[in-house]
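Worksheet: the structure to be examined is printed underneath.
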Amino acid sequence: MINIKKSAIIASIAILFAVFIFSFINAIYEEPNYDDFCNENPYLDKVHLPPETLNCTSTGFNDEDVTACDEQEGRLEPIYEGGCVKAYKCETCHKTYEEESDKHKFFVFVMSSILGLTAVITSIYLPYKKNSLKEWILSGFLIAGLIAIFIGTIDYFGEMHRIIKPIIILIEIILVILVAYKNIENKKKK
């Protein structure tokens, strides 16, 4: 029969500790905000004239502008004046934002793996009595540690090198198998 109190305590600790881990990580290294790097239309003129009153001359860009901007991993953004496009500027803020975002994702991956692994190892190796409050708490830490590891991996998975991806997943599969094995071993001893 399912013990509702035990399940509620384990689930609460697991969720709250996992949230704590990611809150702690974000407190150390704040996630970059897109608006801090790129202003959606910094060159947009604040003049709002009806389209029929505008007397705009055609302003374009050439292939060299596009090629030069592509080499900088930027994109050509229009500069407005009086409601008309007067020029184009190569905006590279997106590249800078992506680089900072990738650094943050890597940091989250490393920290969540370290903190999650610490929670898992602690919960497995600390002694406890069967059906005690300590067992429930350690079970919550175990689940939270696994959640932290998996969420950190998912967040950074897209940026991982293709050769590293299967290695990380294999390590995590081995971790889950070791946790299951250790729990079965602990139950046999009790």
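Some points to look at:
- Within the stretch 147-164, the set of residues being within 16 Å of the chain's Cα centre (by Cα), assigned to a helix (DSSP H, G or I) and not aromatic (Phe, Trp, Tyr) comprises Ile147, Ala148, Ile149, Ile151, Gly152, Thr153, Ile154, Asp155.
- Filter pass, Ala8 being within 15 Å of Gly116 (Cβ to Cβ), small (Gly, Ala, Ser), more than 14 Å from the chain's Cα centre (by Cα) and in the same structural domain as Ser132 (by TED's automatic domain parsing): no
- Every pair of residues 6+ apart whose Cβ atoms lie under 6 Å, when the first sits in the stretch 85-114 and is modelled with pLDDT under 85 while the second is surrounded by 16 or more Cβ atoms within 10 Å (Cβ to Cβ) and among the acidic types (Asp, Glu): Lys89/Glu77
- Condition met for Phe157 (of a type in the set (Phe, Trp, Tyr) and surrounded by 18 or more Cβ atoms within 10 Å (Cβ to Cβ)): no
- Residue that is farthest from Pro32 (Cα to Cα) [pool: residues in the stretch 101-159 that are touching a helix residue (DSSP H, G or I) at 6+ places or on another chain (Cβ under 8 Å) and among the acidic types (Asp, Glu)]: Glu159
- Of all residues assigned to the stretch 135-143, none qualifies as being modelled with pLDDT under 85 and touching a Phe, Trp or Tyr at 6+ places or on another chain (Cβ under 6 Å).
- For Leu49, the test of being farther than 30 Å from Lys134 by Cα, within 36 Å of the chain's Cα centre (by Cα) and at pLDDT below 80 is failed.
The values are calculated or read from the model by the stated rules, or taken from the named source; none is laboratory data. Small disclaimer: the values here were computed from a predicted structure and weren't measured. Positions of Cβ are generated from backbone atoms using ideal geometry, with glycine treated the same way; all protein chains shown enter the neighbour counts.
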